[in-house]
Each structure stands twice: as structure tokens, then as C-alpha cells.
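Structure first, commentary second.
All of the numbers you see were taken from the coordinates with simple rules; none came from a lab. The shown structure was predicted, so the numbers you read here are calculated from the model rather than taken from an experiment. Every residue, glycine as well, gets a Cβ built from its backbone with ideal geometry; the counts of neighbours run over all protein chains shown.
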Amino acid sequence: MKIRAITLNNLRRFTDPARVDHIADGLNVLSEPNEHGKSTLFDALQALFFKPHGSRDKDVTSLRPHAGGAPEVTVEVETDEGRFTLAKRWLQKPAATVHRDGTLVAQSDEAEAWISRLLGGDAGGPSGLIWVRQGMTDLTAGTKKEQDAALEARRDLMTSVGAEVEAMTGGRRMDAALARCREELGLYATGTGRPRANGPWKEAQDRVEALRRESDALTATARDLHDALADRKRARRDLRELEAPEAAEARRMRLDSARQAFDAAERHARELEAETRKVEMAQLKADSARTALDTLRDTLKEQAEASRLVAEAETRATEAKAALEAQRAARDAADTAVTETKAALETAERDEKLALRAKAAREGADRRKELTERIARAEQARKAKEEAAAMRTGPDAATLRRIEGLAAAHATAIATRNATATQVIARYDAGRDGLIRDGTTPLQDGQELPLTRATRLTIEGIGALEVRPGEAGDDQSVEAAAEALRKALAQAGVEDLDAARAAAAARAEAEKLHDQADLVLNSLAPDGIDALRAALASIPALDDATDAPDPEVAEAALAKARTAHDDARLARETANERLSDLRDVASHAEATLTSLRDRVKRAEEALARAGAPSEDALAEDHRAAIEALEMARARHAETSRTAPDLAAAKAALDRATSVEQQARDEIARLKPLLARLDERIQRSSGEAVEERLEEVKQELEAATATLAGIEHEVAVLIRLEKALETARNESRERYFEPIAKELKPLLHLLWPEAELTWGEESLLPDRLLRGGQDEPIDILSGGTQEQIALLVRLAFARMLAASGRVAPVILDDALVYTDDDRIERMFDALHRQAGDLQIIVLTCRQRAFRELGGKALRLETSSEGTVSD
Amino acid sequence: MAFRFIHASDLHIGRKFANIPQPQDGNIRGRLMEARHGAIGRLATAARDTGAQHVLLAGDTFDTATPSPTVIRQALAAMGDAAEVTWWILPGNHDNLRDAEPLWETIARDAPGNVMALTEAVPRDMDPTAVLLPCPVAFRAGASDPTEPLVTMASNEGQLRIGLAHGGVTDFTESGAAIAPDRDRSARLDYLALGDWHGRMAVSERVHYCGAPEQDRFKHGRRGVCLAVAIDGPGAPPQVEEVETGAFLWSEIDLPLHPRQDAAAALTAILPETGRRDVLLRVVASGRAGLPDMVDLQRAADRAAPEFAHFELRTSGLGTHYETADLDEIDRGGALRLAANALMQDAEADALSETDRDVAADALARLYSYVREAAQ
């Protein structure tokens, strides 16, 4: 079926007939702004195809215009059998008709049946499947009824191309088996396949673990028991051996004999020690005798030597003293010579200075005179300069020029004012001169009196004449100029302009005088008078030393005296050095002598201390001591040769003692050890460790078997669950294969490699897999959802077409959230599908859909244009 | 007049049987323990019945080296009660001399007068006509033939030489600790009483294992016995008679199955009719069975099990035979059938490990049972 034209009448806003015509195969686009009736068009189609003409339900009544009337819809469709015109009218005079080429084919219920057949008999039909109402951007929107109808339509379609979903996926039997399997598995394991807490699996594991631990503990205890048994056996044997009487006797005898041997050895060692002491004593004695003898001999030799040296030193000391005395005299003579030459030198120096001064005084006398005069003249000039400076008062030239300017301005101001002011000129009759007065001043005849303000003129004998000049005349400039002039004069300290001029001339004269005096002073004393006075003071005055020597003679005498003085000083220094050397020699000789005398004294004292034994007696003592030493040594050697080995005796004794001690310790250790072991063995065997261990081992074996059984059971259940799930998924995929096949190329226009999984209940995609991500459809963005919804519908349309039930796809603003990039690809999808389908797109997005292409439709009303048929 | 005695061994008194599953309200373990203690009394009865004055216990009288005082005292008391019999107790590997030293000390100290502990390898006169040559076990695991000293043990002329030893005659571990099977000849024995094997076995005319008087495993398939031995004189062949002493029967029965056989009926057919309370039974199914048969077999086993002292059905050796009809019962098509096919494929895949195959097979059986339960 393909729709070719749609006509509406009395439908909502279309009170006049409106028509969409020339609907082509493939893609058709009706692009109109909002409120132009696109949704009405959609509803009209819905009504025509699905609302019986007798219906008065709210869908139908909602079609009626405000003005009332019977809604009418006429659709021209083309089927394999030809072109038919379907028309319906509701509410008033309801009717349904099917015409073919103007011939009535069916009407009323027959027409409804015809239409139903045309749609393939199913109730929801293409509406739910492939018609998208405005605003229904996802797959599951709409009323409950619409949803059910859509589901039914999908189920019908899917079943028509495949098998029953129930048959494919196992349905409730599969669910029951899976639920049962999971329930049983749930007893043992958690969802992740781990043992469930408090479940039998976990319990079996715990039991095995606990038994293993217990078994280990018991094994350890049993081992301890066995060890204790072995230890006890060993301890008993050892104790028996140690406590055997013959062994104890042997140990005691060995100890006794070792002790005796050791005692003997120790005695001998003490004797040897005594002999050693004796040898040492004899050695000491011999050494001491030898020392005494040697000391005596040395002292005697020292005494002789020191005495000889003293004699020599005495001679040398005497000689040195004599030389010293001689030199001291020589030095004193040199001192005297120095004193004398120094006096001579001082005299010569004085004479020379005197001579030089006299010479300078003679040379400076003229200059002194000249300077003195210059000073007097300079003083005169300075005085004149000071007097002139005192006279230098009165205005200077600039001030005078300013005063003159101001006076001129004043005069000008008066003249100006008088020229513009009201003027009164008295012309007296003869003899009446001066009868008119301004105040007390009479007006001169023929003389203009300018009046700058109201003036009262007294006319004698007549009265007063008041003259009031115009207000504009008085500008105060005269007063201002007068005031400026007065201020300037006051500043200059003069009465008037003439006085100012006189004062200025006096000032100029004084300044001239001052400058002249200054010039004189400067020429006389460029650096000031004080400089002249200082120069004068620096010239020595010629005093009374008129007998001063001749400078040259004085200078020669000075040189001579200086040479003599230098020579004398040198001689004195040489003498001093020599004296010092000789003094050192003398004191050294004295010191040597003193020390040698001490030596002699010490030797004599030593001899006195020795009590003066003879050298022979001492030598005899020494020989006797040597003999005694030899004897002691011989005795010591003999004792030493016969000594037994003390260390060996001690070692033997130690060993015997230690053996005995060890035996005693061992017995002391073994007895309590045995008691402990007895106690331990008693306890352990009383506790029936082995019996218990045997039991635990058996329990462990059983528990392990139980655990293995449970693990097998869990493995079986997991394997079964997996098999069931895998099979169900596989069959589900197989069931959805036809639609998936249709959808795949469309989907890949938007997302290459993307896939959809299908809900078994809803028969709709429920998850989108793309880029390794698995997202439920309902969390995707609005745009993505509407795109998927549209693509799915296109795919369903293809399936419908494939099953011989071609129906137009009608999309009423199905893409509202889609961005520009995606919309391009959606357009591609539409074009791709439009090849063998009829797609009618209603949209208000005129600009966006301009790029869609396809056949453009117009909704024309009779008021706008001709309604063609 | 012939010399008569009872030859027994491996009483393993004190064994706990913790490996036998016990229901919450059951006491099978206690019963099994009690049966071991009761063996003393049954041996005494056997001695009386056969006119024997001696009971030779060839080792492992006690299960462990350190039985609890209760176990020891009650056993000794039971022997003391049979006052007309002399008990000759030989240390075995379980109650060997080293580990069980306290045990043997206790026995030496506290045993009644008619109980003789044979803790040393020296000849003991049983009466003027017979000498007992004991070979006590010193360690849990020995490294030499424990009967070697028998060769050099002296006896008076004309006395019966009766050897008593504990150990195997087959050297399983190649440790050299096996008893020479011809020891009776090398040691000039009239009889060699051996212990250690829990099953009855005659090694030769004069060398015998009596087996445990009370069985403790499924291996031997009969109740325990002791041997009543009579020897007319030195050199005369011993007359050995088995006397049944076992209270419990430990039995393992094979159940070979094939497809299209009523497995439940086959199981019922092999079960003993009476005395089930004293029977510990293990049924080992083998062959192949279909999925429904498996379910039926398990149900039949579950029905029968509570009547026995212990019952277990082992199906690890039973292969599953898959029939299209059985799989159709799961589903003729669709996902359930897909799952069943996948599991069957895995169960029969040679590439998978045996564990994985078993898991897959059991998973399929489980699926089958779910579907069948849901259908019923």
C-alpha cells in the first residue's frame, strides 16, 4: 500500500477542505512551521485507518473543529490491485466508503473490513510499528493500550518471519529450570561463585579447615609424646649408667689420685719459687757492690779534672777584667769629645742663622715702605666707597620709570573721564565771577568742570544747582590710576613725581662715586687690605744685629763644626760596642769559673758522704757478692730440674673434678627431667592423643570427601547455569536475527560496529553495545534514543515489506533532539530505506530538513489554492 | 589330647569410625565401636565352645598407641571376666612398643592375672606341652622381618613351638620388613599365628592370618572370624577351624547396568533381604544407563538407604547413555534442547578432562531431573 493523496475536511482547524497531493514513492517531506496542521494530518490518517466510522470516542471527537461539524478524511492509496479512494466521516452521518476509479467498492462495515484487510488484519499494525507520532521519540511511549498494540504487532511480525519466541527461548520451562538451578546453586554459592556464608559449601570448607588444624595440632602433640618417650628412654639409660656403683667408684679414685699428684707438684713449685727469690736477692747484692765501686772511682776522677779546669778559668777571668777596664776609659774619653763638638756645632748654627736674617732684613726695607704707603691709600679709598654707599638712596631708574608710567596713566584716565563726563562751564556775566561754587571752590569762567557724580553747585544769591550726570559715566578708572600712583610714590618714599625724579638723580650720582672708589681700592689691594698688611708683616724688620757675621764665613764654620761632631759621635759608638763585647767576655769567664768551682765542690761532698771507704774494700765486697750469686743460681737450677709438671697435674685434676661434677650435674638434671617426662607421658597417654588423632583423621577424610562432593555439585550447577544461559542467549539471538539483520546496516551508519541486544519480553532493543560499552537504552541521551527508535522502525518497515505488507512510514517530527552531524546520517538512513518503501516525513524544522531531499509536499487548503482531485 | 587355642588379631579396640557418615539422630559409629569391644566376649565364647584355654592376639589389639583409660580398662576387665582363658597379647604396629610404652606399662601394672603382655621376644611356656614364641613389634614401621628371632628361640624337646607375630607376608613397600612365608619351616614351628591383615588368609598349612574378628572395611565381603586351632603334637598338622565372630557385615556389591534396563529393579534385586540393620553396604554401579534410569536408580537407592547401618551408591563408574527420546523429554527444540545438546557434547568430548566430562554429564542429568520434576 502506498498513500498518494490525503484530503481533510472539517478537521480541527481545517474547516475548509485541505489536501496533500502527489505523494510519491520513496521519501516525501512535508515541511511546515508549527500550527500548520501536520499533527492533525497524522491523526487524520490514524483515524481513517483505525477508527471505525461509527466511533465517537475521544480520539474521534478531538478531531471535530471548534465550530462543530463532521470530520471527514479521504485517502487515496495505491495497492497491487490498483488505486482506491478511502473516505470516512464521523459523528454526523458517519460513513465509510471505498471507491475504485469512482466506483463504489465497499461501504460502511464492509469498507471497514476492506481497510482492515489492507493493513494486514492486525490491530495496531503499522501505527505502532512504523508510524511515529510527534513527541514520541522513544520506543515505548504512548498509552498502555498503544504499547500493548505495538508489542502485539511486533510479536506478530517477528513470529511471521521466525518462530514463536516461547519455542525459541524455552519460555517458562527454561525460566523454571534456570531458576531451580540458581536456587540450588544459591544454597552453596554467592552470585560470584564464592562459597556463601553459612552455606553448606562454606561449612564443609570450614570443617575441613578446622579438622586439618586439629589434626595438625594432634599430630604435633603425638609427636611430642613420641619425643617424650624417646627422651625418657634416653634419660633413663643415662641415669642408670651414671649411677652404677662401679662407675661412681672409678670416678672417685681417679679424682683422689689426681688431687695427690697435684698437691705434690704444688709443693715443689713453692720451693722453686723460694730458690728463685734467693737468686734474685744475690743478684741484687752483687749489682749493688759493683755500683758502689764504680761510683767511688768516678768521683775521684771528677774531682781531679774539675780542679784543673778551675785554675785555667781563673786566669782567663782576670785577663778579661783588665781589658774591660781599659776600654771603659777609652769610652769616657770619646764621650767628652762628643760633648765638646756638640757645643761648637750649636754656636756655628746660631751664627749662621743670624747672618742669614741680617741679609734678609737688608733686602726687604724698600718693599716695606712701598707696602705701608699702599695700605694708607687703600684705607682712603675704602672710606670714600663707604661714604658713597651711604648716599645711595632714592628710587632707582626702573622705579622712576614705573612711577612716571603710572602718572601718565593717571593723567590719561582723568582726561578720558573728563572727555566723557558731563561738563559744566560757567560763563559768568561780568562781575559775577566766582559766584558759582562747587562746595567752596568757585567755578572758573569758561573752564569746563567735568562732573562725574551728583554735584551740588552753589550759586550765590540764587541757591543751589544740583547736577546729576548719567550713571554710565563713572568707571572708577581715575581712582584706580590715582591709587596705583599713590602706592608707587609711597613705596619710593617720595611725595610726588618731581621729588621722585630729584631723588633718582641723587642716587645716580652717589653710585658713580662709589664705583670710582671701588676701582681705586681694587687696584691698590686686589686681595684686600689685610693681604697687604700680612705681606708687610712677613718682611723682617732690620733690628740692632748689625754686627752679624758674614753668611758665607758662618756657613763654612758650621760645616766644619758638624763634621767634627759626627766624627766624635762615631768614635763614641765604636767605643761603646767594644766595651759591651768585653763586658760579655768578662762575665762569661766569671760564670765558667763559678760552675767549675761547683763541680769541685760536689765531688768533694760526694767523697765526704761515702765515708771514705777504700777502693780495695769495695772491690772485695763485690767479688764476695758474685760468688754468693753463683751458688744461689746453682741451687735454683737443681730444684728446677727435678720439678714435676704442675700444669699437667692441674689439668688432670681439673678433668677428674669436672668428670665428677658433670656426673653429679647430669644426675641432678636427669632426675627432674625424668619426673617431668613421666608426667607429660602420663598426661598425653591419658588424653588418648593417638586415638583422638586417628578419629580426627578419619573425620577429615570424610569431611574432605563431603567437600569434594559439594564442590562437584557446585561445579555441576555452575556448568548447568552456564549451559542454560548460553543456550537462551543463542536462541534469543537467533530469534531476533531477522530484525537485527535489517537494523544492522542502518545502525552502522551512525555507529560502526555497534550492536543492539533485544528484550525477550518487550521485543525491543534493550541495550546498545558500542566501543566495548554496554548501555541500557533508557539511559542513553534523548537524541540517541530517538535515533535508535527511528532506525528500529525503519527496520520493522523493511520486515513488513518483506512479508508482503508494504506500509508507508510516517514520521511526525521524529528527530527533535538530533544534532546536525547525526541528522545527516539519519537522512542517509532514510534515503537508504526509501528505495522500496514509502516514507512520509512531517517536520517543522524547515531549515534542518531542507538538506533531506526527497519529494516536497504541500498542505494546500481551498482558500489558498485549487483543490485538485 | 590335642592342644587347643584361639588365634585372633587386629581387634582395633577404640576405633572411632568417624569416616562413616552418621545421621543426626543415628549412632552407627557408637555401634561399630561397641562391636569391636564385644569381640573380646565373642572370642571368649569361641574359646569355651572349642575347648581352648588360650587366646592368642597377634597384634593391634588396640587401634592406637594411646587409647583412653576407659578403652584400656574396659578391655582388660572384659578379658579378666573370661577367667578360664589366658589372653596372650602381642604388640602390633598400631600399639607398638615404642609409641605405646605407657599402654604396655599400664597393662603390665594393672592387667588381671590371665592377661599376658608379650613385650619381649622371649619364649613363654603356655603349658608344659607348648611354648609360645612371640615377636613383639617395636616400631610402627619396621625394617626387618619381625619373625627372624624365632629361628634362634629355644624350646624344650617335645614342646609345641607356636610362633606369634604381626606383619605382612608380601613386601608391598620393598622395605624388607615382610615375614618370610616359610618361617614355619626355618624356625621349626608347629604353627605361626599372624596378625595385621584384616582378612582371613591361610598362607600355608601352618601359617595363618585369622583376619579381624570384627571387620572395618568393605574389602573382604564377609563377617570377621577367629581361628580355633588344635594341634595333636609336635609335627602334627594343625586343625584350623574358622569361627564367625563379626557382628557387622561390610559388603560391597557391583551393579552392572546396561541401557533399557530397569535400574531400580536391578538394584533391589541385589540387596540382602534381611539383617539390613547390621549391614554396611556399598553398591558400585557400572556400565551405562539412560537419563531416566539414572534418576530411577538414585530414587531407589534413596528409598533403601535408611534401612541399612550404612548405605552408599557409587555411580562414578556408571556411564550415561543418551537417547534422543530422553533429550526430547527435556525439549524437542529451542534453548533447553540447545543447552542439553551442549552438555551432552561436553560429556562425551574426549578433548575435555574427565572431571569436566563428569561435571557436564551430571549437569545434563540434573537438567533432565528438573524438567521431569516440573512435568510431574
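Key figures
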| quantity | calculated |
| --- | --- |
| Dimensions in Å of the stretch A:363-498 - Rg and Dmax from alpha carbons | 29.3, 104 |
| Point-to-point label distance, A:Ala311-A:Thr704, nm (Cα→Cβ direction, 7 Å offset) | 12.5 nm |
| Chain A, helix-only ellipticity at 222 nm - DSSP H runs n ≥ 4, -39,500 (n - 2.57), divided by all residues, nearest 500 | -23500 deg cm²/dmol |
| DSSP-defined antiparallel bridges as percent of all bridges, the protein assembly as shown, nearest 5 | 55 percent |
| For the stretch A:181-195, Karplus couplings with θ = phi - 60° (6.51, -1.76, 1.60), whole Hz, Gly/Pro x | 4, 5, 4, 5, 5, x, 4, 9, 10, 7, x, 8, x, 8, x |
| Burial order of peptide ranges A:234-240, B:145-151 (average beta-carbon count within 10 Å, highest first) | B:145-151, A:234-240 |
| DSSP-assigned coil residues among trypsin sites (Lys or Arg not before Pro) in the stretch A:316-351, each with at most 11 further Cβ atoms within 10 Å | none |
| Nearest-0.05 FRET efficiency for B:Asp81 and B:Asp49, computed from C-beta distance (R0 25 Å) | 0.95 |
| Taking the C-alpha atoms of the stretch A:561-681, convex hull volume expressed per residue in Å³ | 425 Å³ |
| Long-range HN-HN contacts of A:Leu451 with modeled amide H, under 5 Å | A:Thr422, A:Gln423, A:Val424 |
| Simple spin-label estimate for A:Ala430 and A:Arg212 in nanometres, 7 Å along Cα-Cβ | 17.5 nm |
| Segments A:481-493, A:734-746 sorted - mean Cβ within 10 Å per residue, highest first | A:734-746, A:481-493 |
| Reach of A:Lys722 by Cα under 15 Å, taken over aspartates and glutamates that are not fewer than 8 positions away in the same chain | A:Asp175, A:Glu183, A:Glu184, A:Glu713, A:Glu730, B:Asp346, B:Asp356, B:Asp362 |
| The stretch A:787-839 versus the stretch A:34-106: alpha-carbon centroid distance in Å | 25 Å |
| Partner chain coverage, peptide B:350-363 - average Cβ within 10 angstrom | 3 |
| Principal axis dimensions, the stretch B:319-358 - Cα atoms, whole angstrom, descending | 29, 19, 11 |
| The stretch B:186-220-the stretch B:265-309 distance, computed between alpha-carbon centres (Å) | 33 Å |
| Against the rule of thumb 2.2 N^0.38 Å, how large the Cα Rg of the stretch B:3-244 comes out | 0.95 |
| Share of alpha-carbon pairs per 10 Å distance bin for the stretch B:1-135, given as whole % | 12, 43, 32, 11, 2, 0 |
| Of the trypsin sites (Lys or Arg not before Pro) in the stretch A:1-86, those whose Cβ has at most 15 other Cβ within 10 Å and which sit in DSSP loop | A:Arg13, A:Arg56 |
| Positive minus negative residues near B:Asp254 (Lys, Arg vs Asp, Glu; Cβ under 15 Å) | +2 |
| Packing-based exposure ordering (other Cβ within 10 Å, fewest first) of A:Cys844, B:Cys226 | A:Cys844, B:Cys226 |
| Cα-based Rg of the protein assembly as shown normalised by 2.2 N^0.38 Å, two decimals | 2.36 |
| The stretch A:638-653 - phi-based ³J(HN,Hα) in whole Hz, Karplus 6.51/-1.76/1.60, Gly and Pro as x | 5, 4, 4, 4, 8, 6, x, 7, 5, 4, 4, 4, 5, 4, 4, 5 |
| Amide H contacts under 5 Å for B:Leu164, placed H, 5+ residues apart | B:Leu133, B:Cys135, B:Ala193 |
| Shielding by other protein chains, B:18-31, mean Cβ within 10 Å | 2 |
| A:Asp227-A:Glu273 pseudo-label distance in nm [points 7 Å out on the Cα-to-Cβ vector] | 5.2 nm |
| Inter-chain shielding of A:691-699 (mean C-beta neighbours from other protein chains, 10 Å cut-off) | 6 |
| FRET efficiency for A:Thr440 and A:Val467, using Cβ-Cβ distance with R0 set to 22 Å, rounded to 0.05 | 0.85 |
| Neighbour cut-off at most 16 other Cβ (10 Å), DSSP loop, GluC sites (Glu not before Pro), the stretch A:1-103 | A:Glu35, A:Glu81 |
| Over the stretch B:15-81, relative contact order from alpha-carbon pairs under 8 Å, at least 6 apart, % | 31 percent |
| Least to most buried among A:Lys233, A:Lys278 (fewest other Cβ within 10 Å first) | A:Lys233, A:Lys278 |
| Antiparallel DSSP beta bridges within the stretch B:3-244, as percent of all bridges there, nearest 5 | 40 percent |
| Packing-based ranking, highest mean first, of A:362-368, B:216-222 given that Cβ atoms within 10 Å are counted | B:216-222, A:362-368 |
| Net lengthening on full extension, A:Glu246/A:Asp25 (0.36 nm per residue, minus Cα-Cα) | 66.4 nm |
| Over 23 Å [Cα-Cα, the stretch B:249-375], rounded percent | 36 percent |
| Fully extended contour minus Cα-Cα distance, from A:Glu860 to A:Glu552, at 0.36 nm per residue | 95.4 nm |
| Quotient of C-alpha Rg and 2.2 N^0.38 Å, computed over the stretch A:303-406 | 3.38 |
| Theoretical FRET efficiency, 1/(1+(r/R0)^6), r = Cβ-Cβ of A:Glu379 and A:Thr574, R0 51 Å, to 0.05 | 0.15 |
| Residues whose placed amide H lies under 5 Å from that of A:Arg437, excluding near-sequence neighbours | A:Leu443, A:Thr458, A:Ile459, A:Glu460 |
| Qualifying lysines (Cα of each under 22 Å from Cα of B:Lys16; at least 8 residues distant if same chain) | A:Lys697, B:Lys219 |
| HN-Hα J in Hz across the stretch B:334-341 - Karplus 6.51, -1.76, 1.60, θ = phi - 60°, x for Gly and Pro | x, 5, 4, 5, 4, 4, 4, 4 |
| Over 31 Å (Cα to Cα) - which of A:Lys278/A:Lys601; A:Lys741/A:Lys855; A:Lys2/A:Lys58 fall in this group | A:Lys278/A:Lys601 |
